[in-house]
Amino acid sequence: MTELMCVREVKLLLEPMFEAMLSSTELGTLVWRIERVSDYSNEVELPDDALIAPNEAWVRWEVLGEAGGSGSLRLDGGSNALISFVHSDLQDFIAESRFGWGELRGQHGQ
């Protein structure tokens, strides 16, 4: 059976991860949303009550004017796997950004 999650639930899971990974200055500029993968070119945010299936959506963010995002969300591995997956993509983004070049930020679960 495929696990469905509400966008609101995914956001609640990911908010603490963003807060742990980004400085207060970076957080002040953070804009993020969950989009359907199939709407890539449209950049349309899904409403909080939308249901998403595994690999159907991804997270897009902008920090200090730099845009990035996750791969498609793996919802069927449970909450910790989802957070770890997005954490890894955010870590890669930070390490490749102008503001955090080469930095390794807090590990997931700490």
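Got a sec? Charge dipole of the chain, +1 on Cβ for Lys and Arg, -1 for Asp and Glu; which of TRP32, GLN91, VAL44 is way out at the positive end? Value computed over the given set: GLN91.
Considering only protein heavy atoms and a 1.4 Å probe, what is the carbon-and-sulfur percentage of the accessible area of segment 1-79?
The C+S portion of the solvent-accessible surface of segment 1-79 is 48 percent.
Coupling constants for segment 70-84 follow from the phi torsions by the Karplus curve (6.51 cos²θ - 1.76 cosθ + 1.60, θ = phi - 60°), and in residue order they are 9, x, 5, 6, 8, 7, 7, x, x, 4, 5, 5, 4, 4, 4 Hz; glycine and proline get x. Averaged per residue, the chain has 56 square angstrom of accessible surface, using a 1.4 angstrom probe with ligands and nucleic acids left out. If you wrap the tightest convex hull around every Cα atom of segment 6-110 and split its volume per residue, you get 93 Å³. Comparing VAL31, VAL63, VAL86 in a Gaussian network model of the chain where C-alpha atoms under 10 Å apart are linked, the largest mean-square fluctuation is found at VAL31.
The values are calculated or read from the model by the stated rules, or taken from the named source; none is laboratory data. The shown structure was predicted, so the numbers you read here are calculated from the model rather than taken from an experiment. Positions of Cβ are generated from backbone atoms using ideal geometry, with glycine treated the same way; all protein chains shown enter the neighbour counts. For the accessible areas, the whole protein counts, side chains as well, though only heavy atoms, and no ligand, DNA or RNA atoms are used. Shrake-Rupley method; radii C 1.70, N 1.55, O 1.52, S 1.80 Å.
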